[in-house]
Amino acid sequence: MYVCNCNGLREKDVRAVIAEGADHPLEVYERHGCAPRCGRCKPDMQRLIEEARAPLLIAAE
Ligand code: FES
């Protein structure tokens, strides 16, 4: 499934850079050598980042 149609970034591409430490949508674009265009994918990227970080936050409590 594509998260960013403008740049052809799939969910697995986004999850991979999040796993490597990307914690902001702009960092996701940067690590893939692209930049935001329409910006419609930013909320979905932010959601994927928050989903990935949620277990870490629970573990820290
Ligand atoms: S869908 Fe990602 S910048 Fe347009």
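A short reminder: the numbers here are calculations on the coordinates, not readings from a lab. Predicted model only: the values in this text are computed from it and were never measured. When we count neighbours, we look across all protein chains shown, and the Cβ atoms used for this are built from the backbone with ideal geometry, even at glycine.
Can you compute the charge dipole magnitude of the chain about its Cα centre, using +1 on each Lys and Arg Cβ and -1 on each Asp and Glu Cβ, nothing else charged? Give it in debye, rounded to the nearest 20.
300 debye
Scan the chain and report its longest stretch carrying no trypsin sites (Lys or Arg not before Pro) that are both in a DSSP loop and have at most 16 other Cβ atoms within 10 Å.
The segment 1-36 is the longest one with no such site.
Counting other beta carbons within 10 Å of each Cβ, put Asp44, Asp23 in order, fewest first.
Asp23, Asp44
Leu9's amide H: which non-local residues (gap 5+, or another chain) put their own amide H closer than 5 Å, with H modeled 1.01 Å from N in plane and none for Pro or chain starts?
Val3, Cys4
Using θ = phi - 60° and the Karplus relation 6.51 cos²θ - 1.76 cosθ + 1.60, list the HN-Hα couplings for the range 20-30 in order, rounded to whole Hz, with x at every Gly or Pro.
So the J values, rounded to whole Hz, are 7, x, 4, 10, 8, x, 4, 5, 5, 4, 4.
Report the semi-axes of the equivalent ellipsoid for the chain in whole Å, largest first, where each axis is √(5λ) for an eigenvalue λ of the Cα gyration tensor.
21, 11, 10
Counting Lys +1, Arg +1, Asp -1, Glu -1, what net charge surrounds Asp23 among other residues with beta carbon under 14 Å of its beta carbon?
Neighbourhood net charge equals 0.
Which angle between 0 and 90 degrees, to the nearest 10, do you get for helix 42-60 versus the longest principal axis of the chain when only C-alpha atoms count?
Compared with the principal axis, the helix lies near 20 degrees.
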